[in-house]
Amino acid sequence: MRKTLRLGKVDQGFKPTDPPGFFMKFHAVLSEALQNKLAFRDEGDGRWRPLEEVPGTPVAELQTFLKQAGFMPHANIDGIYGYVTHAAVRLFQEYIRTVEKDPSIGTPDGIAGKDTFQHIEAWKNKKEGTPDFVCKWARSSASNGSTEYKEWIALLEKAKSHYLATPHPILQFLENFPKPSDTLKIKDWDTSPDKIHLIGIRRNQEVSARKRENDDLF
């Protein structure tokens, strides 16, 4: 029986040799007080999750599937369940729910549990060795993108133009924010087709992270 994998889990023997340097790559834009955190911040509940070894190589195996299926095509297989792997699992869950229209996957949360692994095994059994093994999103490249892909890029460009002209109060606050942040200012939004775009809509922001339902949109 597979054990649940989530942010912070690391295959045995795969822990980084320089934890401060490893985490600084992700946390350099945070406040000075948070830059020294040797853990990943879980957006689902706001907790900081330190590295925790698990037997064998289940994280690398999960990453291999996600990479081959097109959900994290440019990431390295490092055996560390970090932010990229978390986002890729969440993307896979969203794909099952919306593209394959199977609600049994539940709300996308980036946690690889029993239901997620069942869908991964079903995906492998049904599609391994065929062109359909790679998800539709990954097959829509800049050169031969689908109509939906081109519409998405056009929408990003339109959104950038709109918010540059009439910024929302939150975006105005971001523009004037004096400290480093991992949220891009509007002028820095890059709509190039060769870039990976992660856009999130935070719901119920006024509710505590520990009480808020994890129903953000990405």
Worksheet, complete the sentence: Checked the range 25-44 for anything surrounded by 15 or more Cβ atoms within 10 Å (Cβ to Cβ) and modelled with pLDDT of 85 or more; matches are Phe26, His27, Lys37, Ala39, Phe40, Arg41, Asp42
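Okay, residues lined up against (1) buried (at least 21 other Cβ atoms within 10 Å of the Cβ); (2) free of Cβ contacts under 8 Å to residues at least 40 places away in the same chain:
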site: Val59; (1), (2): yes, no
site: Gln63; (1), (2): yes, yes
site: Ile80; (1), (2): yes, no
site: Val84; (1), (2): no, yes
site: Asp132; (1), (2): no, yes
Worksheet item: Do you know which of the residues in the range 186-218 that are open to solvent by less than 60 Å² (accessible area, probe 1.4 Å) and closer than 27 Å to Ala138 by Cα is modelled with the highest pLDDT?
Response: Ile186
Worksheet entry | Single residue of Glu175, Glu121 found to be at pLDDT 85 or above, open to solvent by less than 90 Å² (accessible area, probe 1.4 Å) and acidic (Asp, Glu) | Glu121
Item to complete: Tell me, please, whether a residue that is farther than 22 Å from Gln12 by Cβ and surrounded by 14 or more Cβ atoms within 10 Å (Cβ to Cβ) can be found in the range 46-53.
Response: yes
Worksheet entry | Hits in the range 6-23 (condition: in contact (Cβ under 8 Å) with a residue 12 or more places away in the chain, open to solvent by 30 Å² or more (accessible area, probe 1.4 Å) and more than 18 Å from Gly56 (Cα to Cα)) | Pro19, Pro20
Worksheet item: For Ile105, are the conditions met, namely being modelled with pLDDT of 95 or more, among the aliphatic types (A, V, I, L, M) and over 17 Å from Val134 (Cα atoms)?
Response: no
Discussion item. On the basis of being open to solvent by 60 Å² or more (accessible area, probe 1.4 Å) and either out of contact with any helix residue (DSSP H, G or I) (no Cβ under 9 Å at 6 or more places or on another chain) or not acidic (Asp, Glu) (or both), does Val99 make the cut?
Written reply: no
Discussion item. Anything in the range 28-66 that is under 21 Å from the mean Cα position of the chain (by Cα) and polar (S, T, N, Q)? List them, or say none.
Written reply: Gln35, Thr57, Gln63, Thr64
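The values are calculated or read from the model by the stated rules, or taken from the named source; none is laboratory data. In this text the structure is predicted, and so the values were computed from the model without any measurement. Cβ sites come from the backbone with ideal geometry, for glycine too, and all protein chains shown count toward neighbours. Please note that ligands, DNA and RNA were not included when accessible areas were found on the heavy atoms of the full protein model with its side chains. Shrake-Rupley method; radii C 1.70, N 1.55, O 1.52, S 1.80 Å.
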